[in-house]
Structure formats: structure tokens, C-alpha cells
Amino acid sequence: MNHISTLARKEQQALCEALDDEYKSQATYEQVIRDFGPIRPFINIVEAEARHASALLSLFEKYGIPAPENRWLANAPHYSNVHEACVASVQGEIENVALYDRLLSSTQHSDILSVYQALRAASQDRHLPAFQRCAQRSSRSGA
């Protein structure tokens, strides 16, 4: 069923913004793994980011909206060491939570709100603390 007429332009833009941010996180964490090996928490969280993108893509499909291309595949940032990657990932998760705080006011659709709330909670409650621990560990180890 095509729901495109029920999604306002700002709702479509919000979905695009959310997907772009999840693509960025996934590509960044994949790059860290390529650069430094299969280290935690990157190996765990990269899989979660793929699930987050998939949840958003299902909304694009449901509402008949073309999904934007993943512009991050060849543009992921590189870091000079694990500590720098962890610190940057802490900031990325803080920004992700702020993004969802903003996007939650962009729609009244309960299915979209549920996805936004779940993704925000994952960043706030699981990813952010994991990267904060990573930053603390790597600063002590000199990684």
C-alpha cells in the first residue's frame, strides 16, 4: 500500500536525515574495523547500525519514498589511533541522540516515532556508554 500522500515533505526529509546519519555511523565503524582490526565495541555496534538503517529503509518502502544513496561508503573518516576513533564515536553518538530529539517532533506517525525512539534509545543507552568506556580504556592503554 502506498502511503506517500500521508507523509509531509518535512517527514520525508527527516527520514532521509536519519538514514544518512545511520549510514555515516555504519561506514565509520566499518572503516575503524578495517583500519584497526575487529575491536570492541566497533564490531558489535556496526551490526546494530546496519539494523538501524534497515529499520529506516522499511519505512521508506512502506511509504513509497525513494531512499537516498549511501554517500558514506567511500567517504568514511579515518582516525590515527583507536583512542581518536573512540572519542569521535562518543561525539557521533551524542550527535545522533540530538538528531533524534529533533526528528521526534517532525512527525505524528506512530510507526515512525517508534523507530526514532528505539534508535535514539540504542544510541543513548548502549552505544554512547560503550564508546565512552572505549575512550577511557584506550586513553589508559595509549592506543
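The values are calculated or read from the model by the stated rules, or taken from the named source; none is laboratory data. Quick caveat, the model's predicted, so the values are computed rather than measured. Cβ coordinates were reconstructed from backbone atoms using ideal geometry, including for glycine residues, and neighbour counts include every protein chain displayed.
Side notes on the structure shown:
- Total residues in the range 36-51 satisfying the condition of being in contact with a helix residue (DSSP H, G or I) (Cβ under 8 Å, 6 or more places away or on another chain) and either surrounded by 14 or more Cβ atoms within 10 Å (Cβ to Cβ) or part of a helix (DSSP H, G or I) (or both): the figure is 11.
- Of all residues in the range 74-92, those satisfying the criterion of being assigned to a loop (DSSP other than H, G, I, E, B) and free of Cβ contacts under 8 Å to residues at least 40 places away in the same chain are Ala74, Ser80.
- Residues that are over 25 Å from Gln31 (Cβ atoms), touching a residue at least 40 places away in the same chain (Cβ under 8 Å) and not charged (D, E, K, R) within the range 59-73 comprise Leu59, Tyr63, Gly64, Ile65, listed in sequence order.
- Condition met for Ser106 (at pLDDT below 95 and in contact with a helix residue (DSSP H, G or I) (Cβ under 9 Å, 6 or more places away or on another chain)): yes
- From Ser105, Ser54, Ser80, residue being of a type in the set (Gly, Ala, Ser), under 21 Å from Ala118 (Cβ atoms), loosely packed, with under 13 Cβ neighbours inside 10 Å and over 15 Å from the mean Cα position of the chain (by Cα): Ser105
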